[in-house]
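Before any comments, here is the structure.
The values are calculated or read from the model by the stated rules, or taken from the named source; none is laboratory data. These figures come from a predicted structure and were not determined experimentally. So basically every Cβ, Gly included, is an ideal-geometry build from the backbone, and we count neighbours across all protein chains shown. Areas reflect the complete protein model, heavy atoms only, side chains present, ligands, DNA and RNA absent. Shrake-Rupley method; radii C 1.70, N 1.55, O 1.52, S 1.80 Å.
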Amino acid sequence: MHEMAITESVIAAVSEKVGDRRVQRVSLAVGRLSGVVAESVYFYFDLATEGTPLEGSKLEIIDIPGRARCRSCGAEVELEDMIALCTCGSADLEILSGEELTIKEVELEA
Amino acid sequence: MCTTCGCGSDEVVVTDPDHRHDHDHNHGGHHHGEGHVHVHDDRSARTLVLEQAVLAKNDALADANRSWFAEQRILAVNLMSSPGAGKTTLLERTITDLSAELPLAVVEGDQETLLDADRIRATGCRVVQINTGAGCHLDADMVARGLKVLEPRPGSILLIENVGNLVCPAMFDLGERAKVVIMSVTEGQDKPLKYPQMFRAAELMVLNKVDLLPYVQFDPEQCITYARQVNPKLEVVSVSATRGDGLDAWYDWLRDQR
């Protein structure tokens with residue numbers, strides 16, 4: 001349910017940057033370990049952009065897979081979620097990617 | 001009528017339960033710096049490359065809170081759990097046992113009512129209630145507004161009781177020194193696996209209501225194993241906030257953070 005607050009944070013941050021220019025497209029990086037469900041952000045985006053410079057714009061979400069390095073055996077592993085283990089059985093993983101929650105760029109109307 | 005913080009356009013309400021009357025509110029006192037964000041135009045004038053964290057604004061406000069806590073030598077701890085895990089009871093007991101030794105102050109976060117702030121106030125502790133309305137978590141701005149009303153003493157311990165929720169509060173930095181997750185043995189022992197974000201963000205898990213272990217299907221060792229699968233560095237203390245078991249370990253942890 002925090003996706004509503006996340007979506008509003010995206011809209012507020014973009015609105016602050018673009019002033020009164022209209023936005024055509026927003027691209028957002030969402031890591032699989034970020035705790036944010038992309039489908040929910042899509043769902044809220046159209047509702048929450050009403051009356052803002054982002055109204056009618058297209059939201060693109062870039063999915064960032066989770067990757068980690070095992071502190072026990074040194075292997076690099078893909079993480080589907082935060083409770084994954086290394087193949088050696090260790091849970092002591094250093095997350096390398098997948099926690100991103102970043103506004104990458106916005107495209108403005110000509 | 002409540003002491004209402006009138007700033008902001010949202011429905012968040014900050015109340016000092018000792019002074020339920022209208023008061024002026026301004027943004028004097030500690031200063032919030034804006035976050036440092038790189039923005040530049042891409043090769044196409046129509047594309048703005050932002051590369052900005054979605055929660056950058058909250059993070060900047062949290063940093064401002066953190067600086068203010070450091071200046072004031074205040075230890076701020078963010079207490080999070082699902083509703084009913086015993087946060088407020090743990091606070092009441094902590095205040096009763098420690099207030100002679102340590103100056104304490106409390107920020108209470110709930111969607112509605114002053115019930116928790118009233119419980120804390122009954123202990124004689126300084127407290128401010130933040131009602132988030134529809135909001136499911138505290139954020140750094142709400143805490144900053146609460147601090148202006150609460151005015152915690154320099155050198156004190158500030159215990160922030162977040163809205164009861166194991167999901168959203170984990171994402172929002174308040175400027176605290178540490179996050180603590182409270183879990184009770186009346187919940188499922190697999191909760192750390194179901195809500196990994198929360199248990200990964202926390203430095204300490206307080207496993208509460210251990211006095212009820214004879215009556216529930218709950219394996220504390222298995223729960224702790226699950227929690228450390230998500231967060232290998234997680235410290236754990238097992239307590240009963242009502243009966244008093246294990247509270248010395250919780251108090252020692254608090255003292256060690258100062």
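Counting only protein heavy atoms and using a 1.4 Å probe, what share of the accessible area of the protein assembly as shown belongs to carbon plus sulfur, as a whole percent? Mind dumping the intermediate values first?
On the way: 7840 of 16360 Å².
Carbon and sulfur together cover 48 percent of it.
For A:I62 and A:I83, compute 0.36 nm times the residue count separating them, minus their Cα-Cα distance, and round to one decimal in nm.
Working: separation 21, 0.36 × 21 = 7.56 nm, distance 2.22 nm.
Contour length minus the Cα-Cα distance gives 5.3 nm.
I need the phi-derived Karplus couplings for the range B:74-88: 6.51 cos²θ - 1.76 cosθ + 1.60, θ = phi - 60°, integer Hz, Gly and Pro marked x.
Values per residue, Gly and Pro as x: 9, 8, 9, 10, 9, 9, 10, 5, 6, x, x, 7, x, 4, 5 Hz.
Say each of A:E16 and A:S97 gets a label point 7 Å from the Cα, pointing the same way as Cα to Cβ; how far apart are those two points in nm?
My value for the distance between the label points is 2.7 nm.
Per the Cauchy relation, a quarter of the hull surface: what is the mean projected area of the convex hull of the alpha carbons in the protein assembly as shown, in nm²? Let's see the in-between values first.
Numbers: hull surface 80.0 nm².
Mean projected area for the protein assembly as shown: 20.0 nm², to one decimal.
Amide H of A:L96 versus every other amide H placed in the peptide plane: which residues, excluding those fewer than 5 positions away on the same chain, fall under 5 Å?
A:R67, A:A68, A:R69
Step through the residues of the range B:139-150 one at a time and calculate ³J(HN,Hα) from phi using the Karplus curve (6.51 cos²θ - 1.76 cosθ + 1.60, θ = phi - 60°), rounding each to whole Hz and writing x for Gly and Pro.
10, 5, 5, 4, 5, 4, 5, x, 5, 5, 7, 6
Out of all DSSP beta bridges with both ends in the protein assembly as shown, state the antiparallel percent to the nearest 5. Display every interim value, and only then the final one.
Numbers: 25 of 61 bridges.
Of all bridge pairs located within the protein assembly as shown, approximately 40 percent are antiparallel.
Just want to confirm a number: the relative contact order over chain B, from Cα pairs under 8 angstrom separated by 6+ residues, in percent. Write out the running numbers ahead of the final one.
Numbers: 516 pairs, mean separation 51.9, N = 258.
Rounded, it is 20 percent for chain B.
Report the label-to-label distance for B:V216 and B:R258 in nanometres (one decimal), using points 7 Å from each Cα along the Cα→Cβ vector.
With each label point 7 Å from Cα toward Cβ, the separation is 3.1 nm.
Treating only the Cα positions of chain B as identical point scatterers, give the base-10 log of I(q)/I(0) from the Debye formula at each q in 0.09, 0.11, 0.16 Å⁻¹.
Those come out to -0.42, -0.61, -1.20, one per q.
What ratio of Cα Rg to 2.2 N^0.38 Å holds for the range B:120-168? Show your work: numbers first, answer last.
On the way: Rg = 11.7 Å, N = 49, 2.2 N^0.38 = 9.7 Å.
My calculation over the Cα atoms of the range B:120-168 gives 1.21.
How big is the dipole moment of the range B:57-143 about its Cα centre under a simple scheme where the beta carbon of each Lys and Arg is +1, that of each Asp and Glu is -1, and everything else is neutral? Debye, nearest 20, please.
On the way: 8 positive and 13 negative charges, 33 e Å.
Here the range B:57-143 has a charge dipole of around 160 debye.
For chain A, report the convex hull volume of the alpha-carbon atoms normalised per residue, in Å³, without decimals.
On the way: hull volume 10.6 nm³, N = 110.
Once divided by residue count, the hull of chain A is 96 Å³.
Of B:V210, B:M80, B:F172, whose Cα points farthest to the positive end of the dipole of chain B (charges on the beta-carbon: +1 Lys, Arg; -1 Asp, Glu; origin at the Cα centre)?
Value: B:V210.
Mind jotting down the distance between the C-alpha centroids of the range B:224-240 and the range A:33-79, whole Å?
Their Cα centres are 28 Å away from one another.
To the nearest 20 debye, what charge dipole does the protein assembly as shown have about its Cα centre, counting +1 at the Cβ of each Lys and Arg and -1 at the Cβ of each Asp and Glu?
Value, rounded to 20: 620 debye.
Would you please state which residues of the range B:75-92 a label at B:D248 would reach in this model, taking the label point 7 Å out along Cα→Cβ and a backbone N cut-off of under 12 Å?
none
For the range B:116-180, give the magnitude of the charge dipole about the Cα centre (Cβ charges: +1 Lys/Arg, -1 Asp/Glu; no others), in debye to the nearest 20. Mind dumping the intermediate values first?
Working: 8 positive and 8 negative charges, 49 e Å.
Taking the Cα centre of the range B:116-180 as origin, the dipole is about 240 debye.
Just to be sure I understand: with springs between alpha-carbon atoms less than 10 Å apart, which residue in A:R22, A:R71, A:R32 has the highest mean-square fluctuation in the Gaussian network model of chain A?
A:R71
Return a whole-number percent for the relative contact order of the range B:54-166, with Cα pairs under 8 Å and 6 or more residues apart as the contact set. Working shown, then result.
Values: 187 pairs, mean separation 47.0, N = 113.
Normalised by residue count, the contact order of the range B:54-166 is 42 percent.
Just to be sure I follow: if Rg is taken over the C-alpha atoms of the range B:97-242 and Rh is the Kirkwood radius over the same atoms, what is Rg/Rh?
Values: Rg = 15.9 Å, Rh = 16.4 Å.
For the range B:97-242, the value is 0.97.
Which of the lysines could a cross-linker bridge to B:K194, judged by Cα under 26 Å and excluding same-chain residues fewer than eight apart?
Here the lysines satisfying the reach criterion relative to B:K194 are B:K87, B:K179, B:K209, B:K233.
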